[in-house]
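Enquirer: Here it is: the structure, laid out below.
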There are 2 protein chains.
Amino acid sequence: MPYCISSEDVDEAYEHVNPCVTRTPVLTSTFFSTLSSRDVQFKCEAFQKTGPFKFRGATNATRMYIEGGGGTAVVTHSSGNHAQALALAGSMNDIPAHIIMPNNAPEAKRRAVEDTYKANVTICDPTKRQETADGVLASLDGAEFIHPSEDPRVIASQGTVSKEAAWGDNVKIVLAEPEIVDDAKRSFESGELQGHEGGVAKPSVADGLKTTLGLNTFAIVKDLCDDIMTVSEKEILRCTKLVWERMKVMIEPSAGVGVGVLISDEFKEKYPADKYKRVGVVLCGGNVDVGKTIVKMQEMGL
Amino acid sequence: MPYCISSEDVDEAYEHVNPCVTRTPVLTSTFFSTLSSRDVQFKCEAFQKTGPFKFRGATNATRMYIEGGGGTAVVTHSSGNHAQALALAGSMNDIPAHIIMPNNAPEAKRRAVEDTYKANVTICDPTKRQETADGVLASLDGAEFIHPSEDPRVIASQGTVSKEAAWGDNVKIVLAEPEIVDDAKRSFESGELQGHEGGVAKPSVADGLKTTLGLNTFAIVKDLCDDIMTVSEKEILRCTKLVWERMKVMIEPSAGVGVGVLISDEFKEKYPADKYKRVGVVLCGGNVDVGKTIVKMQEMGL
């Protein structure tokens, strides 16, 4: 098997996470169905515990660690959504979670991880995340590191979204990415894993999508996805606003990227409505600073 | 029967509207359940077609008009949610809708009614709504006036929310109202229908709740509700923000009022958590200008 997981791993993950995760609703929208001339279904992972789909992966990894006999702690470094997800997964499964956060992480996020989700937080220099995590791991005999996107237990469990949405087996998979952070598209088209242009992510409004693919995720994307399309910053914000106004779902801009693809000319041309009558879109997360995002929208004349 | 409707009318309304309305999800929230120490369920009518629950009433009234042999047009005067709801109900049932709107109604609302929902709009002086509506009615032989809140067909159908939520029969009914627009509370406590203090509604952020009760609705409220509690403007906005941030549902401030009651000391004292283990809250609508509401929140230090 050329991949780090099989479809059976997704099935198994679903058994692990089903009692813990929110079974998020699939909503339809007359506005978006009319706009794209087909039946559109939105899987609302913005309603998932801690905000995005990430809690699925963190929960499966934590439960598999416990099933394998682990009982000390789960450890990760993250300033964002995976930090909160692993903190809550630890708390719900009675396993201590240790989160290494850079000292430039927003205070609000640190407090959510520490106070709301009861994790142990270690603050470090932003350039010393991995070595700080290694130090914490070494000090906790039997503790386990859970990578936010490359851990196979995490990857398998993010796939449980599709089991709940039940969009069928014979589907095309189209990925959506910000135009200014297009490492996945460049990797997909060249067949070789690519990093950020210039080595660092440009400051996209879709801040949940600034991490690059890794070897485990790229192997799957390379073979099993049909297409990757990109969306401009302005269109990401415009689609985020459309979802707020038309669907009343408070998505973060990262979730607006898929909507941008849905209503793009490129998607309509490649996947014409008369042939592709149903489209499923994952609204992946809802952790958004509404005030700051509104200002960005206004600056762009939206 | 002392009321304009019976529970059978609600059942009948449900048969009428079931094929048309969105069966909105009931969501739970760990945050609000923890905060109120009980199982809280939110019926998300913010996801209803056109934004609030109002589409239920407009649809039932329109279908009953057609069933009764009507075919000319449905008519109302409204600058707000009922206008959009009746416009869409007319459009979906192939009956012309005529909406009388005051000339101070927001341009965006007028365009939604006219362009999105394809209704005929007549603009009038704000003081001449009823006589303009009467004129339109007189010019359309067989047309029917649908009052936004006093029409029995509308009242019966708003009750279909409770059929979907299935909160059981043996419940207490607690109404929620802005502190500065408390005509329902004053009416309930005095036993006599009261208008606005000073004759006009104060400018509450919960702009969907500024209409007073009428004779038909008050008769029901007076006998069948257990309590009416009020919420301050600041608390309405704080709760609206909490729902945005914690539940990712884009409610309008009118829907924050019920949440304000839920987490109030008054509610907790009168309905203690050990005796009242489950609470259902209707998040009644989602038509909100996010930018303007954020500014109001910031002005109040939220």
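Enquirer: How do B:ASP289, B:ASP9, A:ASP183 rank by accessible surface area computed with a 1.4 Å probe, from largest to smallest?
Expert: Numbers: B:ASP289 80, B:ASP9 50, A:ASP183 5 Å².
From most exposed to least exposed: B:ASP289, B:ASP9, A:ASP183.
Enquirer: For the protein assembly as shown, what D do you get in µm² per second when you plug the Kirkwood radius from alpha-carbon pairs into Stokes-Einstein at 25 °C and 0.890 mPa s? Write out the running numbers ahead of the final one.
Expert: Numbers: Rh = 26.1 Å.
Here the translational diffusion coefficient equals 94 µm²/s.
Enquirer: Say a label goes 7 Å from Cα toward Cβ at A:ALA108 in every copy; what distances in nm does this one have to the rest, shortest first?
Expert: Copy-to-copy label distances for A:ALA108: 2.2 nm.
Enquirer: Let me ask something additional. On average over all directions, what projected area in square nanometres does the stretch A:172-271 have, based on the convex hull of its Cα atoms? Don't skip to the end; give the middle numbers.
Expert: Numbers: hull surface 26.0 nm².
The directionally averaged projection comes out at 6.5 nm².
Enquirer: Run the paramagnetic zone check for A:ALA166: 7 angstrom along Cα to Cβ, then residues of the stretch B:159-184 with backbone nitrogen under 15 Å.
Expert: None, by backbone N distance to the label point.
Enquirer: Run the quick spin-label model on B:ASP39 and A:LEU35: label points 7 Å from Cα toward the beta carbon, then report their separation in nm to one decimal.
Expert: 3.7 nm
Enquirer: Please state the Cα pair-distance histogram of the stretch A:243-302 with 10 angstrom bins from zero: what percent is in each bin?
Expert: 19, 45, 27, 9, 0
Enquirer: What number comes out for the charge environment of A:CYS4, summing +1 per Lys or Arg and -1 per Asp or Glu over other residues with Cβ under 15 Å away?
Expert: Details: positive: A:ARG153, A:LYS222; negative: A:GLU8, A:ASP9, A:GLU12, A:GLU150, A:ASP151, A:ASP223.
With Lys, Arg at +1 and Asp, Glu at -1, the neighbours total -4.
Enquirer: I'd like the orientation of helix A:290-299 relative to chain A: the angle between its Cα long axis and the longest Cα principal axis, in ° from 0 to 90, rounded to 10.
Expert: The two axes meet at around 40 degrees.
Enquirer: What angle do you read, to the nearest 10 degrees and between 0 and 90, between the alpha-carbon axis of helix B:129-139 and the longest principal axis of chain B?
Expert: Long axis of B:129-139 versus the principal axis of chain B: about 40 degrees.
Enquirer: For B:THR34, place a label point 7 Å out from Cα along the Cα→Cβ vector, do the same in each other copy, and report the separations in nm, one decimal, smallest first.
Expert: 4.1
Enquirer: Using only Cα atoms, tell me the angle between helix A:54-67 and the longest principal axis of chain A; keep it within 0 to 90° and round to the nearest 10.
Expert: Around 40 degrees separate the two axes.
Enquirer: Can you run phi through the Karplus equation (6.51, -1.76, 1.60; θ = phi - 60°) for the stretch A:228-244 and list ³J(HN,Hα) in whole Hz, with x for Gly and Pro?
Expert: Values per residue, Gly and Pro as x: 10, 10, 10, 9, 5, 4, 5, 5, 4, 5, 4, 6, 4, 5, 4, 5, 4 Hz.
Enquirer: Output, in nm with one decimal and in ascending order, the distances from the B:SER149 label point to the matching label points of the other copies (7 Å from Cα along Cα-to-Cβ).
Expert: 5.1
Enquirer: Over the Cα atoms of the stretch B:1-75, what radius of gyration and what Dmax do you get, in Å?
Expert: Cα-based Rg and Dmax for the stretch B:1-75 come out at 16.6, 53 Å.
Enquirer: Need the list of lysines near A:LYS185 for cross-linking: C-alpha distance under 23 angstrom, and skip anything on the same chain fewer than eight residues off.
Expert: List returned: A:LYS54, A:LYS172, A:LYS202, A:LYS210, A:LYS222, A:LYS234, A:LYS268, A:LYS270.
Enquirer: In square angstrom, rounded to the nearest 10, how much accessible surface does A:ARG186 have for a 1.4 Å probe?
Expert: For A:ARG186, solvent-accessible area is about 50 Å².
Enquirer: Among DSSP bridges having both ends in the protein assembly as shown, what percentage is antiparallel? Round to the nearest 5. Intermediate values should be presented prior to the final figure.
Expert: Details: 8 of 52 bridges.
Roughly 15 percent of the DSSP beta bridges within the protein assembly as shown come out antiparallel.
Enquirer: Which FRET efficiency, nearest 0.05, do B:ARG246 and A:ALA219 yield, Cβ-Cβ r, R0 25 Å? It would help to have the intermediate numbers written out before the result.
Expert: Numbers: r = 37 Å, r/R0 = 1.48.
Once rounded, the FRET efficiency stands at 0.10.
Enquirer: Out of all Cα-Cα pairs in the stretch B:177-217, roughly what percent, to the nearest whole number, are more than 13 Å apart?
Expert: Distances greater than 13 Å cover 47 percent of the Cα pairs.
Enquirer: Within a Cβ distance under 12 Å of A:ARG153, other residues only, what is the Lys/Arg minus Asp/Glu net charge? Could you put the intermediate results ahead of the total?
Expert: Numbers: positive: A:ARG56, A:ARG63; negative: A:ASP9, A:GLU12, A:GLU67, A:GLU144, A:GLU150, A:ASP151.
Residues near A:ARG153 contribute -4 overall.
Enquirer: Can you compute 3J(HN,Hα) from phi for each residue in the stretch A:252-260, using the Karplus curve 6.51 cos²θ - 1.76 cosθ + 1.60 with θ = phi - 60°, rounded to whole Hz and x for Gly and Pro?
Expert: Residue by residue, the stretch A:252-260 yields 8, x, 4, 7, x, 5, x, 5, x Hz.
Enquirer: Give the Cα extents of chain B along the principal axes, in whole Å, largest first.
Expert: 58, 44, 37
Enquirer: Once phi is turned into θ = phi - 60°, what whole-Hz ³J(HN,Hα) does the Karplus curve with 6.51, -1.76 and 1.60 give for every residue of the stretch A:160-177, x standing for Gly and Pro?
Expert: 3J(HN,Hα) across the stretch A:160-177, in whole Hz: 5, 4, 5, 5, 6, 6, 6, 8, x, 8, 8, 10, 8, 10, 10, 8, 10, 8.
Enquirer: Let me ask something additional. Compute the Rg/Rh shape ratio of the stretch B:1-135: radius of gyration over Kirkwood radius, all on alpha-carbon atoms.
Expert: Value, to two decimals: 1.06.
Enquirer: Computed FRET efficiency, Cβ-Cβ of B:ALA138 and B:GLU15, R0 41 Å: what is it to the nearest 0.05?
Expert: On the way: r = 33 Å, r/R0 = 0.80.
After rounding to 0.05, the efficiency reads 0.80.
Enquirer: If you keep only loop residues by DSSP, which trypsin sites (Lys or Arg not before Pro) in the stretch A:6-78 have at most 10 other Cβ atoms within 10 Å of their Cβ? Mind showing how you got there, number by number?
Expert: Working: sites: A:ARG23, A:ARG38, A:LYS43, A:LYS49, A:LYS54, A:ARG56, A:ARG63; in loops: A:ARG23, A:ARG38, A:LYS49.
Qualifying residues, ordered by number: A:ARG23.
Enquirer: Which GluC sites (Glu not before Pro) does the stretch A:216-259 hold that lie in a coil by DSSP with at most 12 other beta carbons within 10 Å?
Expert: Details: sites: A:GLU233, A:GLU235, A:GLU245; in loops: none.
Loop-located and lightly packed - none at all.
Enquirer: How big is the B/A interface in buried accessible area, both sides summed, 1.4 Å probe, to the nearest 100 Å²? It would help to have the intermediate numbers written out before the result.
Expert: Numbers: alone 14190 and 14210 Å², together 26960 Å².
Result for this pair: about 1400 Å² buried.
Enquirer: Determine how many Å³ per residue the convex hull of the Cα atoms of the stretch B:112-178 encloses.
Expert: On the way: hull volume 11.8 nm³, N = 67.
Cα-based convex hull of the stretch B:112-178, divided per residue, equals 176 Å³.
Enquirer: Quick check for you: with a 1.4 Å probe and neighbouring chains kept, what is the accessible area per residue of the stretch A:10-159, in Å²?
Expert: Numbers: 6020 Å² over 150 residues.
That works out to 40 Å² for each residue.
Enquirer: What does the charge count around B:SER91 come to, taking other residues whose C-beta lies under 12 Å from its C-beta (Lys +1, Arg +1, Asp -1, Glu -1)? Walk me through the numbers on the way to the answer.
Expert: Working: positive: B:LYS49, B:LYS118; negative: B:ASP94, B:GLU114, B:ASP115.
Charge balance in the 12 Å sphere: -1.
Enquirer: Run the simple label-point estimate for B:LYS128 and A:GLU269 please: 7 Å along Cα→C-beta, distance reported in nm.
Expert: 5.3 nm
Enquirer: Ok, one more. Per residue of chain B, what 222 nm ellipticity follows from adding -39500 (n - 2.57) for every DSSP H run with n ≥ 4, rounded to the nearest 500? Write down the numbers at each step before the final one.
Expert: On the way: 14 runs with 127 residues, N = 302.
It comes out at -12000 deg cm²/dmol, rounded to the nearest 500.
The values are calculated or read from the model by the stated rules, or taken from the named source; none is laboratory data. Here the structure is a predicted model, which means the values were calculated and not measured. Methodologically, a virtual Cβ is constructed for each residue, glycine included, from the backbone with ideal geometry; neighbour enumeration extends over all protein chains shown. Only protein heavy atoms, including side chains, enter the accessible area calculation; ligands, DNA and RNA are left aside. Shrake-Rupley method; radii C 1.70, N 1.55, O 1.52, S 1.80 Å.
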